[in-house]
Structure formats: structure tokens, C-alpha cells
Amino acid sequence: MKAQIFIKLPFRIWLTIALPFFATLSSACLSPYPTGGDTENVLMLLFYSNQSSSLAVTASASSVLIYEQATFSASGGTAPYTFSVTSGGGTITATGGVYTAGALLGTQTITATDATGLTGQGTITVNGGSGDGSFQNTDGSNSLSAATQPERIEAGDFDGDGFVDIAVVTNNGTLHIFKSNGNGTFQASLTSTVDSNGREFAVADLNVDGKLDVVVGVANVNEMSVFLGNGDLTFQAKVDYAGETGWEGTTVGDFDNDGILDIVGTSDPNDNISFYKGNGDGTFQTYSTTGSINRPFHAESADLNLDGNLDLVVPNYAGAPSTNSGASVFLGKGDGTFQNPVEYATNTNSRSVAIADLNNDGKLDLATANNGAASISVLLGNGDGTFQTAIDTAVGNNPYDLAACDMNSDGVMDLVVGSEGSARVDVLFGNNNGTFAVQTPFTGAGGPKDMICRDFNNDGIMDVATPTVNNHVLRVYMGN
């Protein structure tokens, strides 16, 4: 870059000139320079900049998948350089130019700025993957420590930043909250103490303050613990409520139609269903027993017959009195109590249940994970709270939990199953009629237990997270 400076010299003077760039003097001479018709002696200084007019910015890869990283470097100008995203999205470190894809698909523009303010730009393309319901990082590379015996998992935005965080409860008495970075990665967990043997838990705004709270069932001390959220990933001191022996399942909803969230829990070996009426401020009344079932390990709630009252579905691990194993449906009365259960036969040792419209007929269906049969059972709903005969599909050994979500973005619900005994995750694509096509499972999952589907990196594609009992970690699988 060249610069010419003309200075009138009516007398001899020593000049010091500050330039907005690094430069060397190319030439200097006295020269006539016409001004207003006169000719005067003028010193003409010609400088040549040592600095290029722009930076060259390059990336270590021309394109990346969501969750992958690329490193940007700059040449020309004066170090150090800083990098920022000027269009598109993603995360750029303050220095070093390490870019983690994950905010938006498409071409991202990265701007580098040197020590003098000179700028340059480079681009990288972020691809969303194959769109086929498969996963990235199935090798477990996206794993976080979850202490000893992680049991159950839930998700929600615990700090109000718009990203989905993950909560995990362990069997040794710890509630972990993993803060999301918004790109499929998570920070080390913040922890709260739960009495040992934490079981199924739920996440909801129990006191209507706009902050997520957590309710945890505890098996060995026969209690339920409520953690009111502070909105910053931490919680107030827990409040314990007496419960039935051997708490197992937890679900939250307005079961008495007063506009306030209540809690329903199931217990084994007492085989009871407990109802805790909410007061609206995050506190709850003493529980009442509203039903009985044979070894209920899980609980889900939804309005199955569209009468405006929440209903309850509980899988019977050891079998209902008239079946080998099954799912029991308790239709709600709208006052916190339920009708007598109707039992539906499934395969052996149903451990968990998912409620979703699996065949796109507008009616809710059920799917159970059958721990003793290496299968899942699907019961299509009739829309009135009753269900058809179960249809079985084989999966890995000892399936512990399953989740319903659209993994391949075709508008049809799929199932993701964690098979603890096979240390694998099965993905079953829905055929839109209640049957499923089993995909190649990914193994080495470390004994997956609970399963959730969420979009953890904001790319519009479902991802999967599961706590694993064999290696005591939380694993997050990014969907393609």
C-alpha cells in the first residue's frame, strides 16, 4: 500500500510523521507543486507500507459436520489475531481461531482482526449430515463423567440461555446438571446431593416462577425430594416428602384440574401409586394412595381418551395379576384419583413405557421396553383410552428404556431403545402403521439405561443422550 504526503516548506524544519500503518520511506525530493497559480517548494515523501491491505484467512477444512471442529489461521498483518463469526453461527474462541460447528447450517463467514485493526475473511461450510437417522460420534467420544451408577436422565433449559441442558440422577445420591454449550457439547456438571438410590425423576416449573425445578424419587429412604431451581443451574436446599417404600416411577402433571402441577409416584415392592397434590408454590400435600400394580418401575401420563383428564400408564415388570407382564392404564377422574386399571399383555418384564402417536392417526399409542424378552411391544390406541393387542419387535438383550422421536425427519415417530445387557442402542424407524424397521445398532454404548431425544446442538435434528452403567458416563450421540 502506497502513500504520498505533500508538505509546503517555507523554511527548513525537521519532520516527524505518524502513520496509521507500518511503513518505510521509499523516496523524498523537493518538487515544484502548483498551488493557487504559484509555484512553491514542496517536500514530497513517498512511503511504501510493509503491511498488506488485507489478511488471508484459511481453514483447516473446507467443510465440517455439526459438532466437528475446524481451526482458522491468518497470514499477513500483525499478530496476535482474533476471530469472530460475522455471518452464520457457531462458536469462535477469543484467540486461536478454533471454530466448533453447531449453530446454523450452511456457509459461515469468519473474520480475523490483527493487532492494528486490519481485517480479513474466510468461510467454511457446515453440513447437517445424511438425514438418515444415523448418528455421529457413536464411538463414545462425546462423553461426560456422571460419577458412580448413573440411573436416570432428563433435559431442560435450567439457566434460561435457550440451550437444552441435561440432568442425571445417580444411584449413589447425586443430581448432576450439565450445562449445554449450544453445539452438542456440555460443561462439567454442577451437583446437588440426593439421598442415595435416586430413581426416576421429573423436570418441571413446580412453583411457576419461570425456572425449572426437579423432583426425585428416592428408593431406599422412602421419600420424594423437591429441588426448586434458581435459574442458574443451581437449586435451593431440597425439601423431602415421605413416600412409599421403594420409589421407582415419577411423573408430573395437573391430575386434579386445578391449574397446579401435581406429582404421581410408583413404588416397588409396595406396588402402590401415590398422588401428591401441588399447592402451586413448589410445595406438596401429604400423599394419598390411588391404586396398586405389580412391580411398577416407571410411570408416564397423558390424556389418552381426550376427556380433558390426565391418565396414567404404568408398565408391570412382574406382570399384572392376569398377565405375564404388561402395561396398566389408569384413566383419570380429574380429581387426582383414577379408575381401576385395565391391563394389556406385553412381552416379559416390561420396564418402561413411551406414549406417542406411532402411526399418525391422531390417537396416542404405547410402546414398552421388555427387559426379560429382548423386545419392544407396541400397542396401538383406539382413541378412547383402550388399546389393541401388542405387536413385538426384537432388539438387544435386556432393553431398559426407550424414547419416541422422529430421528430421520420423515414426519413419522421412531423409537430409540437402550439395551443394557447388549451395551447397545437400537434405532427403529417407524413405518407409519405401528410397525418398525430395525436399523443397524451401534454397540459399545456401555450399558445404556434411561434414554432421551432432544436437539442438543440446535440444528433441527434429533440427538440422543443416555447414562451408562458400565463406564459411569453420560453419552451424547449427535443425529445426522
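Under 1.5 on a/c is rounded, so check that first for segment 136-218, then, if it is not, pick prolate when a/b is larger than b/c and oblate when it is not; a ≥ b ≥ c are the square roots of the alpha carbon gyration tensor eigenvalues. Oblate shape, in that a/c is at least 1.5 and b/c is the bigger or equal ratio. Based on the Cβ-Cβ distance of Thr193 and Ser292, what FRET efficiency does E = 1/(1 + (r/R0)^6) give at R0 = 25 Å, to the nearest 0.05? With R0 = 25 Å, the Cβ-Cβ based efficiency is 0.20. In plain terms, the chain from Asn172 to Asn431 could stretch by 89.2 nm, reckoned as 0.36 nm per residue minus the Cα-Cα distance.
Place the peptides 240-248, 419-427, 285-293 in order of packing, highest mean first, counting for every residue the other Cβ atoms within 10 Å and averaging per peptide. Before the final figure, lay out the partial values.
Values: 240-248: 19.6, 419-427: 22.1, 285-293: 16.6.
Ranking, from highest mean packing down: 419-427, 240-248, 285-293.
Nearest 0.05, what FRET efficiency do Ala79 and Thr123 give at R0 = 35 Å with Cβ-Cβ as r?
Working: r = 22 Å, r/R0 = 0.62.
Computed FRET efficiency for Ala79 and Thr123: 0.95.
The numbers here are math on the coordinates, done by the rules we state, and not lab data. In this text the structure is predicted, and so the values were computed from the model without any measurement. Positions of Cβ are generated from backbone atoms using ideal geometry, with glycine treated the same way; all protein chains shown enter the neighbour counts.
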